[in-house]
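The values are calculated or read from the model by the stated rules, or taken from the named source; none is laboratory data. This one's a predicted model, so the numbers in the text were calculated from it and none came from an experiment. Cβ coordinates were reconstructed from backbone atoms using ideal geometry, including for glycine residues, and neighbour counts include every protein chain displayed.
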Amino acid sequence: MSNVTDQELREFRSEAAAWFNDNAPSDPGFLLPETFMEVGSDQQFEFLRDWQRQVYEAGYLGMAWPSEYGGGGKPQVFQDIATQEMAKARVPFMTNTIGLNWAGPLILKMGRDADKQRYIKNILSAEDIWCQGFSEPEAGSDLGNSQCRAVRDGDDYVINGSKIWTSLGSYAKYMILLARTSTEGASKYAGLSYFLAPMDATGIDPRPIKKLTGEYGFCQTYFDDARIPADCLMGKEGEGWNIAMITLTFERGATGGQAGGIASMELNVDDVVELSRRAKRNGKPAIEDPAIRRQLVDVIMESRSNQLMAARAKIPTLASDWPSAIAMSGKLRGSELKRRLCRLAVTLQGTNATRFVSDEALDGGRWQRSYFNAFSGTIGGGTSQIQKNIIGERVLGLPKD
């Protein structure tokens, strides 16, 4: 960063802004998902994968990842600027979110050189889509209680069990998989191991789950004597829990190193304010209702405070009391604000809120859809309840009981 001048950064920002303005995809003529958790059709998937490939080939993705593995090899500030300009241009998100933000950073941090050569470039280009195999139907939020088994058999591991909420499971080539290799030991965590598992192995069956919105995006993935090569193991047997925890620091934004790019097509607080001018309550614009105005002020303040928190985290003297608090709370703050924001947007519409995705609904019903989908953000990556426990125990030092 010390060798980069302000002039260079200004020029790069102008260049990036111009590229996204000139290359932003036009309306494809079908409903696009808001996040990778809603990609439920081949049409959506191919459109989004092609867009990510365009962004990567233009040089605006993975800019700070090592050039020897397919990245740009530039200072992080360039990627930060490119990502900001993507958000400003309101372009589609990068569909390979798990690869870009979780699997890729983990492989760069802990993987062998052969892993980096094998996986990183194709993560960036969206040639290889990644999914996550952590949660299980019977374990709930108790990740340490995972029962999916991995048994060593010669040069392979044989996997049996199932994982749930596998976003992009139908399209993924690889899965970051947490499986139990041992039931012995003093701790349930000691028997878990971590794999970079190929999804095309015989015996792996991802089955799409239909959501309340009528769309797909999640899967339950079944493993029936699925054989994966032993070299898919990351680290050693029994180290899976620690590696999973490192993965979650990337997933929750507590650790940097992600490839960049926007991960969702957010409907933000400015959109809600604009909606309040068009939505009618008692024959008048909703924004003229004093109660609505108070609620709008609340979400505007909360949204702005989240932005300032992100800036504050970069100034050590302003984050010294609780150094990890901002990073550790980011997922909780962001997902809960999104849910409240969408709920307010639906409330603004009065009786029209009962209409779902259709031509008759205001804005095609996107706010109703967004509200239903917002709950996935408060569950995936650790429920809001679990996030509060993490903050209480690991940030504030509160006892577990």
- Can you tell me which residue in the stretch 75-102 is nearest to Asp113 (Cα to Cα), limited to those that are surrounded by fewer than 22 Cβ atoms within 10 Å (Cβ to Cβ) and among the β-branched types (Val, Ile, Thr)? Val77
- Message: Which condition from (1) buried (at least 16 other Cβ atoms within 10 Å of the Cβ); (2) more than 19 Å from Pro198 (Cβ to Cβ) is the one that Lys116 breaks?
- Response: (2)
- Query: What residue, of Ala201, Ala197, is small (Gly, Ala, Ser) and either in a strand (DSSP E or B) or closer than 30 Å to Ile391 by Cα (or both)?
  - Reply: Ala197
- With (1) buried (at least 21 other Cβ atoms within 10 Å of the Cβ); (2) free of Cβ contacts under 8 Å to residues at least 60 places away in the same chain; (3) in contact with a helix residue (DSSP H, G or I) (Cβ under 6 Å, 6 or more places away or on another chain) as the list, and Ile204 as the residue in question, which single condition is left unmet? (3)
- In the stretch 385-400, residue farthest from Glu136 (Cα to Cα) [restricted to those that are touching a helix residue (DSSP H, G or I) at 6+ places or on another chain (Cβ under 6 Å) and in contact (Cβ under 8 Å) with a residue 24 or more places away in the chain]: Val395
- Listed residues Gly62, Gly40, Gly72; which is on the phi > 0 side of the Ramachandran plot, buried (at least 16 other Cβ atoms within 10 Å of the Cβ), part of a loop (DSSP other than H, G, I, E, B) and in contact (Cβ under 8 Å) with a residue 12 or more places away in the chain? Gly62
- Query: Counting just the residues of the stretch 6-33 that are polar (S, T, N, Q) and out of contact with any helix residue (DSSP H, G or I) (no Cβ under 9 Å at 6 or more places or on another chain), which one comes out farthest from Trp51 (Cα to Cα)?
  - Reply: Gln7
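Here is a yes/no grid of residues against (1) touching a Gly at 6+ places or on another chain (Cβ under 9 Å); (2) of a type outside the set (S, T, N, Q):
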| site | (1), (2) |
| --- | --- |
| Gln7 | no, no |
| Ala58 | no, yes |
| Pro66 | yes, yes |
| Phe78 | yes, yes |
- Note on the structure: Note on the stretch 365-382: residues touching a Ser or Thr at 6+ places or on another chain (Cβ under 6 Å) and at pLDDT 85 or above are Arg369, Phe372, Thr378
- Task: Could you grab me the full set of residues in the stretch 75-97 that are assigned to a helix (DSSP H, G or I) and either of a type in the set (A, V, I, L, M, F, W, C) or touching a Phe, Trp or Tyr at 6+ places or on another chain (Cβ under 6 Å) (or both)?
- Result: Val77, Phe78, Ile81, Ala82, Glu85, Met86, Ala87, Ala89, Thr97
- Query: If we scan the stretch 175-192, do we find a residue that is part of a strand (DSSP E or B), out of contact with any Gly (no Cβ under 8 Å at 6 or more places or on another chain) and surrounded by fewer than 21 Cβ atoms within 10 Å (Cβ to Cβ)?
  - Reply: no
- Message: Between a residue in the stretch 219-235 that is assigned by TED's automatic domain parsing to the domain that holds Ala201 and part of a strand (DSSP E or B) and any residue that is among the basic types (Lys, Arg) and modelled with pLDDT of 95 or more, which pairs come within a Cβ distance under 6 Å, given they are 6 or more apart or on different chains?
- Response: Cys219/Arg207; Gln220/Arg207; Thr221/Lys163
- Message: Among the numbered criteria (1) touching a helix residue (DSSP H, G or I) at 6+ places or on another chain (Cβ under 6 Å); (2) surrounded by fewer than 16 Cβ atoms within 10 Å (Cβ to Cβ), which one does Gly140 miss?
- Response: (1)
- Task: Say whether the condition of being touching a Phe, Trp or Tyr at 6+ places or on another chain (Cβ under 7 Å) and either closer than 30 Å to Arg394 by Cα or free of Cβ contacts under 8 Å to residues at least 60 places away in the same chain (or both) is met by at least one residue in the stretch 266-285.
- Result: no
- Task: Within the stretch 143-171, track down each residue that is of a type outside the set (Gly, Ala, Ser) and in a strand (DSSP E or B).
- Result: Arg149, Val151, Arg152, Asp153, Asp156, Tyr157, Val158, Ile159, Asn160, Lys163, Ile164
- Do the conditions hold for Gly382, that is, is it under 23 Å from Ile98 (Cβ atoms), touching a Lys or Arg at 6+ places or on another chain (Cβ under 8 Å) and assigned to a helix (DSSP H, G or I)? no
- Message: Being of a type outside the set (A, V, I, L, M), surrounded by 16 or more Cβ atoms within 10 Å (Cβ to Cβ) and over 20 Å from Ala114 (Cβ atoms) is the filter here; which residues of the stretch 241-263 pass it?
- Response: Trp241, Thr249, Phe250, Glu251, Arg252, Gly253, Thr255, Gln258, Gly260, Gly261
